[in-house]
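Enquirer: Quick one: structure below, then a few questions.
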Amino acid sequence: MKKSTQRSAATHTPTPWNVAPMGSGTLAIYGRSRKAPICQFGEGIDEAHTEARNATADAAFIVSACNAHGSLVAALRDIVDYAERFAEVNDEPRGGACRASIAAARATLAKVEGT
């Protein structure tokens, strides 16, 4: 019997994520367990974040985007489903704006889902 060489896909740390100061202008992003930080940045860690003000804003943006990711993807899927039905019922032409929007949304979902 051959041993499988396929690896299972890694998954990200479940949301919600939170930002916590670590001291000396350094921040960490944690998952629910808070066992180990998902990432750390700020003064002395990342040259791109030489000011604590930028690190704080960047950490808040990352956490907000990650926490909203699942609901945004689900909403976009629902919108695509609705738009496809709308396009069919209204005989939207193949090159029409509705179908172009559907294609753009599908491409975005494929990018986000890695397909």
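Enquirer: Quick one: in the range 78-105, which of the residues that are of a type outside the set (D, E) and closer than 30 Å to N18 by Cα is farthest from the chain's Cα centre (by Cα)? First the steps, then the outcome.
Expert: Quick first cut of the range 78-105, residues of a type outside the set (D, E) only: 79-80, 82-83, 85-87, 89-90, 93-105.
From what's left, closer than 30 Å to N18 by Cα: 79, 105.
Details: I79: 18, A105: 15 Å.
For the range 78-105, the residue satisfying everything is I79.
Enquirer: Now a separate question. If we keep just the residues of the range 19-43 that are buried (at least 16 other Cβ atoms within 10 Å of the Cβ) and more than 22 Å from N67 (Cβ to Cβ), which is modelled with the highest pLDDT?
Expert: Of everything passing the filter in the range 19-43, G25 is modelled with the highest pLDDT.
Enquirer: For the range 78-88, what are the residues that are over 15 Å from L109 (Cβ atoms) and either surrounded by 12 or more Cβ atoms within 10 Å (Cβ to Cβ) or of a type in the set (A, V, I, L, M, F, W, C) (or both)?
Expert: Of everything in the range 78-88, those that are over 15 Å from L109 (Cβ atoms) and either surrounded by 12 or more Cβ atoms within 10 Å (Cβ to Cβ) or of a type in the set (A, V, I, L, M, F, W, C) (or both) turn out to be F86, A87.
Enquirer: Give me a count of the residues in the range 89-102 that are surrounded by 11 or more Cβ atoms within 10 Å (Cβ to Cβ) and out of contact with any Lys or Arg (no Cβ under 7 Å at 6 or more places or on another chain).
Expert: Here the count works out to 6.
Enquirer: Can you name the residue in the range 44-77 that is exposed (fewer than 11 other Cβ atoms within 10 Å of the Cβ) and over 13 Å from the mean Cα position of the chain (by Cα) and, of all such residues, is modelled with the lowest pLDDT?
Expert: Here the answer is A48.
Enquirer: Cβ contacts < 7 Å: first residue in contact (Cβ under 8 Å) with a residue 40 or more places away in the chain, restricted to the range 15-31; second residue polar (S, T, N, Q), any location; separation 6+ or different chain. Result?
Expert: T15/N67; P16/N67; W17/N67
Enquirer: Further question: Which condition number in (1) at pLDDT 90 or above; (2) closer than 17 Å to T15 by Cα is the one that S101 fails?
Expert: Among (1) at pLDDT 90 or above; (2) closer than 17 Å to T15 by Cα, S101 violates only (2).
The values are calculated or read from the model by the stated rules, or taken from the named source; none is laboratory data. In this text, all values refer to a predicted model and were calculated from it rather than measured experimentally. Ideal geometry is used to build each Cβ from the backbone, glycine not excepted, and the neighbour counts take in all protein chains shown.
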